[in-house]
Amino acid sequence: MSLPLPDDATDPQLAAEYGAAREREGRVMAILRALGPRPELVRAFVSMADAALYGPAALDRREREVLAHATSEANGARYSASIHAALRDELGPPGPRDDALAAFAHRLTQGPGEAQAAVADLRTRLTDAEVYDAIAVVGLLNLANRAALATGITPADDLR
């Protein structure tokens with residue numbers, strides 16, 4: 001039996017968060033529903049995503065999408081991997097640091113005990129500020145991927 005996803009009728013505060021999502025994106029992406037019925041978690045996730053993925057950062061937007069896609073791929077989270085691959089591709093052609101970023105995301109995701117070694121390797125190619133950005137994106141996507149995998153969401157679970 002799958003876990004039911006919350007909808008607009010669950011709670012007025014959650015409905016307000018979903019309304020804000022519709023204003024931003026024209027829909028409520030399933031990942032927000034996968035976070036459950038607590039509006040404060042949805043709000044916190046959106047805030048963290050804005051900061052880690054979409055706001056000003058040392059890494060450019062495309063590089064952050066490389067990390068998001070690679071993390072989702074490493075987790076086998078097809079919902080997120082397809083979304084972030086499309087965003088990455090819209091932002092331009094492959095870059096010279098893509099392989100290093102993807103390897104870091106895979107390594108940190110699949111072998112968290114190797115985190116310090118993975119960071120040390122990445123620091124040979126990126127500035128410290130860029131490494132911190134990479135850590136934030138991989139951490140955020142691991143949270144999102146766990147919620148997506150646990151609830152089994154698909155694009156069909158988006159609310160219009």
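Please treat every number below as a calculation from the coordinates, not as lab data. Fair warning: this is a prediction, and the values are worked out from it, not measured in the lab. Reconstructed Cβ throughout: ideal geometry from the backbone, glycine too, with neighbour counts over all protein chains shown.
Some points to look at:
- Checked against the criteria, LEU3 counts as hydrophobic (A, V, I, L, M, F, W, C) and not in a helix (DSSP H, G or I).
- Residues that are among the small types (Gly, Ala, Ser) and touching a strand residue (DSSP E or B) at 6+ places or on another chain (Cβ under 9 Å) within the stretch 8-67 comprise GLY19, ALA21, ALA30, listed in sequence order.
One line per residue, one yes/no per condition, for (1) touching a residue at least 60 places away in the same chain (Cβ under 8 Å); (2) surrounded by 15 or more Cβ atoms within 10 Å (Cβ to Cβ); (3) not in a loop (DSSP other than H, G, I, E, B):
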site	(1), (2), (3)
GLU23	no, no, yes
ILE31	yes, yes, yes
PRO37	no, yes, no
GLU40	no, no, yes
ARG43	no, yes, yes
VAL46	no, yes, yes
ALA51	yes, no, yes
PRO56	no, no, no
LEU59	yes, yes, no
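- Some residue of the stretch 117-133 being among the small types (Gly, Ala, Ser), closer than 23 Å to VAL46 by Cα and under 13 Å from the mean Cα position of the chain (by Cα): no
- Of the residues making up the stretch 71-81, those that are more than 10 Å from the chain's Cα centre (by Cα), in a helix (DSSP H, G or I) and under 27 Å from ARG125 (Cβ atoms) number 3.
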